[in-house]
Amino acid sequence: MLENKIYKISILGPQACGKGTQAEFLSDKLKIPAISVGQILREELKKGSTVSEKIKEEMNAGGLVSNAIINLIVKKRLTQSDAAKGFIFDGFPRIRIQAKSLATLTALTHVIVIEISDAEALSRLSGRRTCSKCGKVYHLKFSPPKLADICDDDNEKLIIRTDDTPEIIHERLKIYHAETEEVIEFYEQQGIVIHVNGEQSIDAVKEEMFRKLKLNS
Ligand code: AMP
């Protein structure tokens, strides 16, 4: 039964494969939090904390934020009470060392890999817009806001993320192929990886993912 089962999921895949959207569907279905490390980092930047300058430099260059910071963020987030009954990571772990340090905290039950080509990632990212306040993500073509450049939820202005420019996107895709595919291999060896075709409609991706997780949609 769904209620008795603990799901500790990580959703991986190239930039703009739809990780965040699908993580929200799973979060609603399973009543466990979706945790986006990228979003936590962006919130940290807004706070202007002592580490924020370092985080900003690393993120704006399209590189990964240092492990010490990431591990601290993840550890802190997992101790919050809502994560006690499971969680869904969106875009973590991205490198092998993060997977190993996560294993010292908890064991994942499923790793979902949403697959799209680099060409598809580039075309999707060029239309992406993000709310400057709440972080909600829109796409000019696929999921536009009701009013141009304005967030449906809080009327704040939508922005293009500084790491969504073509050069930076190339850098992020390079890191994905070099590093994150190694992480997927690490979990393949544990037999917990589920591959989903990300080049379908949002609903079709959701259905394939739910079916492979043996959940009713
Ligand atoms: P995302 O919102 O998942 O696309 O992440 C945006 C940026 O945040 C990435 O390009 C990295 O600079 C940083 N970031 C997010 N997750 C991680 C992670 N697990 N490890 C290191 N850096 C990360």
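The values are calculated or read from the model by the stated rules, or taken from the named source; none is laboratory data. Because the structure is a prediction, the values reported are computed rather than measured. Cβ atoms come from the backbone with ideal geometry, glycine included; neighbour counts cover every protein chain shown. Heavy atoms of the whole protein, side chains included, go into the accessibility calculation; ligands, DNA and RNA do not. Shrake-Rupley method; radii C 1.70, N 1.55, O 1.52, S 1.80 Å.
Before moving on, here are some points about what is shown:
- Residue in region 89-100 that is farthest from the ligand (Cβ to nearest atom), counting only those that are crowded, with 17+ Cβ neighbours inside 10 Å and either among the aromatic types (Phe, Trp, Tyr) or more than 26 Å from residue 170 (Cα to Cα) (or both): 89
- Among all residues of region 49-57, there is none that is within 8 Å of the ligand (Cβ to nearest atom) and either of a type in the set (S, T, N, Q) or over 23 Å from residue 160 (Cα atoms) (or both).
- Positions within region 65-79 being in contact (Cβ under 8 Å) with a residue 12 or more places away in the chain and either farther than 21 Å from residue 174 by Cα or surrounded by fewer than 17 Cβ atoms within 10 Å (Cβ to Cβ) (or both), in sequence order: 66, 67, 69, 71, 73, 74, 75, 77, 78
- Taking strands (runs of 3 or more DSSP E) as the structural unit, those lying wholly within region 104-217 and holding at least 1 residues that are open to solvent by less than 20 Å² (accessible area, probe 1.4 Å), away from the ligand (no atom under 14 Å from the Cβ) and of a type in the set (A, V, I, L, M) correspond to 110-115, 193-197.
- For region 74-86, the criterion of being more than 14 Å from the chain's Cα centre (by Cα) and within 22 Å of residue 124 (Cα to Cα) is met by none of the residues.
- Summed over region 1-28, the residues that are touching a Lys or Arg at 6+ places or on another chain (Cβ under 6 Å) and either free of Cβ contacts under 8 Å to residues at least 24 places away in the same chain or open to solvent by 30 Å² or more (accessible area, probe 1.4 Å) (or both) give a count of 1.
- The set of residues in region 126-167 that are in contact with a Pro (Cβ under 8 Å, 6 or more places away or on another chain) and under 21 Å from residue 204 (Cβ atoms) contains only 138.
- Options 36, 27: the member that is closer than 21 Å to residue 130 by Cβ and within 10 Å of the ligand (Cβ to nearest atom): 36
- One residue alone among 31, 47 is surrounded by fewer than 17 Cβ atoms within 10 Å (Cβ to Cβ) and at pLDDT 90 or above, and that residue is 31.
- Meets criteria (out of contact with any Phe, Trp or Tyr (no Cβ under 7 Å at 6 or more places or on another chain), of a type in the set (Gly, Ala, Ser) and over 15 Å from residue 115 (Cα atoms)) for residue 204: no
- Odd one out for residue 71, checked against (1) within 14 Å of the ligand (Cβ to nearest atom); (2) of a type outside the set (Gly, Ala, Ser); (3) touching a Gly at 6+ places or on another chain (Cβ under 8 Å): (3)
- For region 180-193, the count of residues that are out of contact with any helix residue (DSSP H, G or I) (no Cβ under 6 Å at 6 or more places or on another chain), at pLDDT below 95 and closer than 22 Å to residue 39 by Cβ is at least one.
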